[in-house]
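Report on one structure; see the data block that follows.
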Amino acid sequence: MADADDSVLFNVYRRADVEVVRGEGVRIWDDGGKRYLDFMGGVAVLALGHCHPALVEALSSQARTLWHASNLLRTPGARKVARRLVDATFADAVFFNSSGSEAVDLAIKLVRRYFNTRGDGPRWRVITMERGYHGRTLATIAAGGSAKLTDGFAPLVDGFDRVPFGDLAAVEAAIGPETGAILLEPILGDGGIVAAPPEYLRGLRQLADRHGLLLILDEVQTGLGRTGRLFAHEDAGIAPDILAMGKGIGAGYPLAGVLVTRAVADCLAPGSHGGTLAGAPLGMAVADAVLDIVLDDGFLSSVSAKGDALAARLKDMVRQHPAVFAEARGVGLMRGLKCRVDPWLMAGRLRDAGLLVAPAMDDVIRLVPPLVVSDAEIEEAAAILDRVAASMAS
Ligand code: PMP
């Protein structure tokens, strides 16, 4: 049995009393040898599951070749991965960092810098969404949309105007002379799996254009194939000016980044931003291997197909267990079940039964399995959900 004394760590998580020690594909094992089906996926991080052979090979091969180099030197990996992302998206340039929070933090910095360097600042205020989640840095907690992020951390970074998610008129009403940007997740993730309708995203794009604002999409959770598109906004047929990515691009390796248009990239100059580990070789090797798979023919359509299969099973759950589940929602392999019972209790019962899911807000469990999940694993997860829900209804 592992040492259960967690007092050496900050006490900021509702950790389950389970110590996991090994993973493979969509499976993870605890220190007692118990096996779980991992639909938590590191919370939407494990795009390719645990210990994918191609990622293990890419990382170990890079580790033997060039471990790290300063950004005062050029390295081929960063250029190659940036080029692949630029070729596959709206973006003209990429900056890499190590966490989603850092990526969104940079997006917020870019708003100020963009307008200040053009001489039409100060336009530094950012419209953000209730129930939004953008990370844990000082700026991103202020950008987020729930009080638990900011409790006790005043004084907060100023400049965020919050509106209800999905309400276009509220965004328009919030635009003032100092507004520089609109920032949102195309699908609220930690906010409970709520997808922005495509017409809402198109409306935001139009508002941004009309008022000269930057549209920033936080695709840290929705990106890298999770919704069946490389990035979720593609479904709406629009492009942002700035996009924050994270989670799936490193697939478990600490890596994130910001994709921007040329106009935004050009507001930076040597010395105006940086990061010791930005675009470092190990992460770039992993990202390159992730893109090999995610951009391969048929991969994204397979995510959509599996997402549809999971959605159908979750709808069955709501029909069969109306006292336990209120609603199934989401896109691709980013799914949520709104619960009529405490989602933490539900997640605990599912874990005992061998299925890991991630609670979100006060009433949702998230199912965000690796994108390589099989149909059989989806059926297995559904069977566990069915069994546990039946036991909770009675
Ligand atoms: N933005 C979104 C949409 C996220 O889901 C998260 C992580 N849950 C973050 C930002 C923060 O990313 P990280 O935890 O890697 O800093």
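The values are calculated or read from the model by the stated rules, or taken from the named source; none is laboratory data. On a predicted model such as this, the values are computed, not experimentally measured, just so you know. So basically every Cβ, Gly included, is an ideal-geometry build from the backbone, and we count neighbours across all protein chains shown.
Look at Ala244 and say whether it is within 12 Å of the ligand (Cβ to nearest atom) and within 20 Å of the chain's Cα centre (by Cα).
yes
So Thr222 clears everything in (1) within 12 Å of the ligand (Cβ to nearest atom); (2) over 19 Å from Gly144 (Cβ atoms); (3) buried (at least 24 other Cβ atoms within 10 Å of the Cβ); (4) hydroxyl-bearing (Ser, Thr, Tyr) except one condition, right? Which one?
Failing condition for Thr222: (2).
Which condition from (1) more than 16 Å from the ligand (Cβ to nearest atom); (2) in contact (Cβ under 8 Å) with a residue 60 or more places away in the chain; (3) of a type in the set (D, E, K, R) is the one that Arg79 breaks?
(2)
Where in segment 253-349 are there strands (runs of 3 or more DSSP E), lying fully within it, with 1 or more residues that are under 30 Å from Gly77 (Cβ atoms)?
256-260, 334-339
With of a type outside the set (Val, Ile, Thr), in contact with a Ser or Thr (Cβ under 8 Å, 6 or more places away or on another chain) and under 22 Å from His52 (Cα atoms) as the only criterion, which of Leu355, Leu333, Leu295 stands out?
Unique residue meeting the criteria: Leu333.
Applying the selection to segment 225-245, what residues are on the phi < 0 side of the Ramachandran plot and either free of Cβ contacts under 8 Å to residues at least 24 places away in the same chain or crowded, with 24+ Cβ neighbours inside 10 Å (or both)?
Listed by number, the residues that qualify are Arg226, Thr227, Phe231, Ala232, His233, Glu234, Pro240, Asp241, Ile242, Leu243, Ala244, Met245.
Working carefully through the options Leu295, Leu282, Leu243, Leu314, find the one that is closer than 18 Å to Gly41 by Cβ and among the hydrophobic types (A, V, I, L, M, F, W, C).
That would be Leu314, the only listed residue that is closer than 18 Å to Gly41 by Cβ and among the hydrophobic types (A, V, I, L, M, F, W, C).
Quick one: is Leu201 surrounded by 20 or more Cβ atoms within 10 Å (Cβ to Cβ), within 16 Å of the ligand (Cβ to nearest atom) and either at pLDDT 95 or above or not in a strand (DSSP E or B) (or both)? Lay out the reasoning, then the answer.
Numbers: surrounded by 20 or more Cβ atoms within 10 Å (Cβ to Cβ): yes; within 16 Å of the ligand (Cβ to nearest atom): yes; either at pLDDT 95 or above or not in a strand (DSSP E or B) (or both): yes.
Taking the combined requirement at face value, the residue satisfies it.
Please determine whether any residue of segment 327-350 is without any contact (Cβ under 8 Å) to a residue 24 or more places away in the chain, buried (at least 18 other Cβ atoms within 10 Å of the Cβ) and not hydrophobic (A, V, I, L, M, F, W, C).
yes
So, in segment 92-138, exactly how many residues are farther than 22 Å from His211 by Cβ, within 14 Å of the ligand (Cβ to nearest atom) and out of contact with any Gly (no Cβ under 6 Å at 6 or more places or on another chain)? Break it down into steps so the answer makes sense when it comes.
At the first step, the residues of segment 92-138 found to be farther than 22 Å from His211 by Cβ are 92-103, 105-106, 131, 133, 135-138.
Those left that are additionally within 14 Å of the ligand (Cβ to nearest atom): 96-103, 105-106, 131, 133, 135-138.
From what's left, out of contact with any Gly (no Cβ under 6 Å at 6 or more places or on another chain): 98-99, 102, 105-106, 136-138.
Residues in segment 92-138 being farther than 22 Å from His211 by Cβ, within 14 Å of the ligand (Cβ to nearest atom) and out of contact with any Gly (no Cβ under 6 Å at 6 or more places or on another chain): 8 in total.
Residue under question is Arg351, and the condition is that it be more than 27 Å from Gly252 (Cα to Cα) and either at pLDDT 95 or above or assigned by TED's automatic domain parsing to the domain that holds Thr227 (or both); does it hold?
no
May I ask you to say which residue of Ala285, Ala278 is surrounded by 16 or more Cβ atoms within 10 Å (Cβ to Cβ) and modelled with pLDDT under 95?
Going through Ala285, Ala278 in turn, just one is surrounded by 16 or more Cβ atoms within 10 Å (Cβ to Cβ) and modelled with pLDDT under 95: Ala278.
I need a count of the residues in segment 139-164 that are in a loop (DSSP other than H, G, I, E, B), crowded, with 20+ Cβ neighbours inside 10 Å and either within 16 Å of the ligand (Cβ to nearest atom) or at pLDDT below 95 (or both).
2
This table checks each residue for (1) of a type in the set (A, V, I, L, M, F, W, C); (2) out of contact with any Leu (no Cβ under 9 Å at 6 or more places or on another chain).
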{"site": "Ala78", "(1), (2)": "yes, yes"}
{"site": "Phe153", "(1), (2)": "yes, no"}
{"site": "Leu168", "(1), (2)": "yes, no"}
{"site": "Thr179", "(1), (2)": "no, no"}
{"site": "Asp190", "(1), (2)": "no, yes"}
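If you scan segment 105-118, which residues turn out to be of a type outside the set (A, V, I, L, M) and either closer than 19 Å to Gly176 by Cβ or crowded, with 24+ Cβ neighbours inside 10 Å (or both)?
Those that are of a type outside the set (A, V, I, L, M) and either closer than 19 Å to Gly176 by Cβ or crowded, with 24+ Cβ neighbours inside 10 Å (or both): Arg112, Tyr114, Phe115, Asn116, Arg118.
Quick check: is even one residue across segment 116-124 in a strand (DSSP E or B), in contact with an Asp or Glu (Cβ under 8 Å, 6 or more places away or on another chain) and among the charged types (D, E, K, R)?
no
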